[in-house]
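Once you've had a glance at the structure underneath, I'll fire off some questions.
The values are calculated or read from the model by the stated rules, or taken from the named source; none is laboratory data. Small disclaimer: the values here were computed from a predicted structure and weren't measured. Glycine gets a Cβ as well: all are built from the backbone with ideal geometry, and neighbour counts include every protein chain shown. All accessible areas refer to the heavy atoms of the entire protein, side chains included, with ligands and DNA or RNA removed. Shrake-Rupley method; radii C 1.70, N 1.55, O 1.52, S 1.80 Å.
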Amino acid sequence: MNSVLLLGDPVSRSLSPVMQNAAFDALGIDCQYLLREVSAADLAAAMNDLRVDERILGANVTIPHKESVIAFLDDLDPLAARIGAVNTISREGTRLKGWNTDVEGFRHALAEMGGDYDRVAIIGAGGAARAVAAALQPAAEIWVIARNLDQARRLCRDLEITRGGPVEVDHMEQAVARAQLVVNATPADLPPPAWRRGDQRLFDLRSRRSPEGRAMLLHQGAASFEIWTGRKAPLDVMRAALDGASVPA
């Protein structure tokens, strides 16, 4: 049987297997979606395993490897190259190509949530935050809040964000206060509820915590499925599988 991997640390609470395996089953594809918890120290070995085992059709990549995995790839889709982050890997023989379907996933999920947002605060500056910022350009003013201010500066520089900019975490409350949309692109419970206005919208990327996060997971997962298989993703089947999934404790 073929397989697709999810590479990250941690991965045990991911909802992706139930969604992707339902899609494989629905289309009669002999493949299973497997979790592989990989530390930063073990990433090179995991990527070598993926490269040499042609039964592995590809992979998803999650925290904390979306940027560091690029060094182990042979090719990048132009969007992934521009963002500097990869969440999907495909193969052609032993050559591995990186893609970013988080941008498409976020755009679809935001459209389902509704609303127009001119001022956005993104909490976090990693690979997911990069995809969100790219998806929001050029329409929105984007403020990137991070503990590592240099990381936020690199994100803004790489994506040529001229409206908005990097924000120190000590100034998070002020940046959140002026935003119409707040995006949490971290594993933490941010921002504190007391900082939010009633007319603000919060988009929490964590799929186990929010409906908008699940919607993003659905749409980025469907795009990844089509890259691996070359077939149209059974979106209704994947949505139903997610809706019926219990959230891991």
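Could you say which residue among ALA125, ALA152, ALA129 is assigned to a helix (DSSP H, G or I) and within 14 Å of the chain's Cα centre (by Cα)?
Going through ALA125, ALA152, ALA129 in turn, just one is assigned to a helix (DSSP H, G or I) and within 14 Å of the chain's Cα centre (by Cα): ALA129.
Moving on to the next point. Could you identify the single residue in ARG208, ARG239 that is open to solvent by 60 Å² or more (accessible area, probe 1.4 Å), modelled with pLDDT under 95 and under 19 Å from the mean Cα position of the chain (by Cα)? Can you show your working first?
Working: ARG239 fails: modelled with pLDDT under 95.
Going through ARG208, ARG239 in turn, just one is open to solvent by 60 Å² or more (accessible area, probe 1.4 Å), modelled with pLDDT under 95 and under 19 Å from the mean Cα position of the chain (by Cα): ARG208.
Taking the stated definitions as given, is ALA139 at pLDDT below 95, over 26 Å from ASP9 (Cβ atoms) and more than 19 Å from the chain's Cα centre (by Cα)?
Values: at pLDDT below 95: yes; over 26 Å from ASP9 (Cβ atoms): yes; more than 19 Å from the chain's Cα centre (by Cα): yes.
Yes; evaluated as a whole, the condition is true for this residue.
Condition first: open to solvent by 60 Å² or more (accessible area, probe 1.4 Å), in contact with a Ser or Thr (Cβ under 9 Å, 6 or more places away or on another chain) and within 20 Å of VAL237 (Cα to Cα). Now tell me which residues in the range 19-58 satisfy that.
Listed by number, the residues that qualify are GLN32, LEU34.
Given the criteria free of Cβ contacts under 8 Å to residues at least 60 places away in the same chain, surrounded by fewer than 19 Cβ atoms within 10 Å (Cβ to Cβ) and either over 21 Å from the mean Cα position of the chain (by Cα) or in a helix (DSSP H, G or I) (or both), does ALA80 qualify?
Answer is no for this residue.
Out of the range 177-221, which residues are in a helix (DSSP H, G or I), of a type in the set (A, V, I, L, M, F, W, C) and in contact with a Phe, Trp or Tyr (Cβ under 6 Å, 6 or more places away or on another chain)? If you could, list the steps in order and put the result at the bottom.
Start the filter on the range 177-221 by keeping residues that are in a helix (DSSP H, G or I), which leaves 177, 193-195, 211-221.
With the extra rule that they be of a type in the set (A, V, I, L, M, F, W, C), the set shrinks to 177, 194-195, 215-218.
Answer for the range 177-221, where residues must be in a helix (DSSP H, G or I), of a type in the set (A, V, I, L, M, F, W, C) and in contact with a Phe, Trp or Tyr (Cβ under 6 Å, 6 or more places away or on another chain): just MET216.
For the range 163-176, enumerate the residues that are assigned to a strand (DSSP E or B), open to solvent by less than 50 Å² (accessible area, probe 1.4 Å) and under 19 Å from ALA139 (Cα atoms).
GLY164, GLY165
Could you pull out the residue among LEU50, LEU34 that is more than 22 Å from ARG130 (Cβ to Cβ), assigned to a strand (DSSP E or B) and more than 17 Å from the chain's Cα centre (by Cα)?
Details: LEU50 fails: assigned to a strand (DSSP E or B).
LEU34 is the lone residue from the list that is more than 22 Å from ARG130 (Cβ to Cβ), assigned to a strand (DSSP E or B) and more than 17 Å from the chain's Cα centre (by Cα).
If you don't mind, there's one more thing I want to ask. Of the residues that sit in the range 83-102 and are without any contact (Cβ under 8 Å) to a residue 40 or more places away in the chain and open to solvent by 60 Å² or more (accessible area, probe 1.4 Å), which one is nearest to ASP49 (Cα to Cα)?
In this case the residue turns out to be ARG95.
For PRO187, all conditions in the list (1) farther than 30 Å from ALA22 by Cα; (2) under 17 Å from the mean Cα position of the chain (by Cα); (3) open to solvent by 90 Å² or more (accessible area, probe 1.4 Å); (4) not acidic (Asp, Glu) hold save one; what is the number of the exception?
If we test PRO187 against (1) farther than 30 Å from ALA22 by Cα; (2) under 17 Å from the mean Cα position of the chain (by Cα); (3) open to solvent by 90 Å² or more (accessible area, probe 1.4 Å); (4) not acidic (Asp, Glu), just (1) comes out false.
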